[in-house]
Amino acid sequence: MLWEAILLGIIIGWLRNGKLKYLNKVSLFGWPLIILALLVQTAVWIDFNTSSGYLTTVYPFIYLISFVFLLLFIFLQNRQAGIIIIGLGILLNLLVITANRGIMPVDSTRMPSTVAEELATGVKSPFHTTITDNTWLDYLGDRIPIPYRRNQLLSIGDIFIGCGILVFLQHNMLKKRQPKH
């Protein structure tokens, strides 16, 4: 969903006579927090996929910390177009993940049976689990199917994040008009 939002944001920016070079002028305060969040999540994926098991017991905690880094980044921004929408999406995802002990619930009934089995047994992802009767805020979990990606579902938070990215990119591709004196 993020790649689609980026591509669509750039296309809309171009259609509005925007230019990619104007994105270079955008100031994002605290951008290393994004890198830190990605590094934290990448470390979990590496540990999970190599079956080293060093971090297994703390995956949920580490995952939550990465979201805190992302929210700190959002907080540091100066109300740029789209940033608040992205922040709302991150907050919605953090809310459902926190309510479910650090794991994003997924509606496995909307996925191919092999993927649903892998989610249920914990071999598919360290960050996701199937929705059960004990799931809190399941309506905020990954439930929205993507027609052209059978193995992926979106959450409401993901939709907000994608919309925020789209708004941010296309808005910032436009040349800023100078105030008239």
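Just for the stretch 21-51: of the residues that are touching a residue at least 60 places away in the same chain (Cβ under 8 Å) and of a type in the set (A, V, I, L, M), which one is nearest to Thr121 (Cα to Cα)?
So the residue we want is Val44.
Collect the residues in the stretch 44-64 that are exposed (fewer than 15 other Cβ atoms within 10 Å of the Cβ) and out of contact with any Phe, Trp or Tyr (no Cβ under 9 Å at 6 or more places or on another chain), keeping them in residue-number order.
Kept after step one, since they are exposed (fewer than 15 other Cβ atoms within 10 Å of the Cβ), are these residues of the stretch 44-64: 45-46, 49-54, 56-58, 61.
Ile46, Asn49, Thr50, Ser51, Ser52, Gly53, Tyr54, Thr57, Val58, Phe61 - these are the residues of the stretch 44-64 that are exposed (fewer than 15 other Cβ atoms within 10 Å of the Cβ) and out of contact with any Phe, Trp or Tyr (no Cβ under 9 Å at 6 or more places or on another chain).
Regarding the stretch 1-11, can at least one residue be identified that is among the small types (Gly, Ala, Ser), surrounded by 11 or more Cβ atoms within 10 Å (Cβ to Cβ) and either under 21 Å from the mean Cα position of the chain (by Cα) or on the phi < 0 side of the Ramachandran plot (or both)? Can you show your working first?
Taking the stretch 1-11 first, the residues among the small types (Gly, Ala, Ser) are 5, 9.
Of the ones still in play, those that are also surrounded by 11 or more Cβ atoms within 10 Å (Cβ to Cβ) are 5, 9.
Next, from what is left, pick out any that are either under 21 Å from the mean Cα position of the chain (by Cα) or on the phi < 0 side of the Ramachandran plot (or both): 5, 9.
The answer is yes; a qualifying residue exists.
So in the stretch 115-156, with the set limited to residues that are assigned to a loop (DSSP other than H, G, I, E, B) and among the basic types (Lys, Arg), which one is nearest to Leu2 (Cα to Cα)? Talk me through it step by step, then tell me what you get.
First, the residues of the stretch 115-156 that are assigned to a loop (DSSP other than H, G, I, E, B): 122-127, 131-137, 141, 143, 147-148, 155.
With among the basic types (Lys, Arg) added as a condition, the list becomes 124, 143.
On the way: Lys124: 20, Arg143: 16 Å.
Among those that are assigned to a loop (DSSP other than H, G, I, E, B) and among the basic types (Lys, Arg), it is Arg143.
Scan the stretch 1-20 for residues that are farther than 19 Å from Phe160 by Cα and in contact (Cβ under 8 Å) with a residue 12 or more places away in the chain and jot them down.
Looking only at the stretch 1-20, we keep the residues that are farther than 19 Å from Phe160 by Cα, and these are 14-20.
Once the filter is applied, which keeps residues that are farther than 19 Å from Phe160 by Cα and in contact (Cβ under 8 Å) with a residue 12 or more places away in the chain, the stretch 1-20 yields Trp14, Arg16, Asn17, Gly18, Lys19, Leu20.
Do you know which residues across the stretch 66-114 are over 30 Å from His171 (Cα atoms), in a helix (DSSP H, G or I) and of a type in the set (A, V, I, L, M, F, W, C)? Show your work before the answer.
Quick first cut of the stretch 66-114, residues over 30 Å from His171 (Cα atoms) only: 97-114.
So of that shortlist, the ones also in a helix (DSSP H, G or I) come out as 97-99, 108-110, 113-114.
Passing the criteria: Ile97, Ala99.
This table checks each residue for (1) surrounded by 17 or more Cβ atoms within 10 Å (Cβ to Cβ); (2) touching a Gly at 6+ places or on another chain (Cβ under 6 Å); (3) among the acidic types (Asp, Glu); (4) in contact (Cβ under 8 Å) with a residue 24 or more places away in the chain.
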residue: Thr114; (1), (2), (3), (4): no, no, no, no
residue: Glu118; (1), (2), (3), (4): yes, no, yes, no
residue: Pro126; (1), (2), (3), (4): yes, no, no, yes
residue: Leu140; (1), (2), (3), (4): yes, no, no, yes
residue: Ile159; (1), (2), (3), (4): no, no, no, yes
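Output the residues belonging to the stretch 1-46 that are outside any loop (DSSP other than H, G, I, E, B) and charged (D, E, K, R). Write out each step before concluding.
To start, the set of residues in the stretch 1-46 that are outside any loop (DSSP other than H, G, I, E, B) comprises 2-15, 20-25, 32-46.
Glu4, Lys21, Lys25, listed by residue number.
Read-outs: derived from the displayed coordinates by stated rules, not from any lab. Given the structure is predicted, the values throughout are model-derived calculations rather than measurements. Using ideal geometry, Cβ is built from the backbone for each residue, glycine included, and neighbour counts are taken over all protein chains shown.
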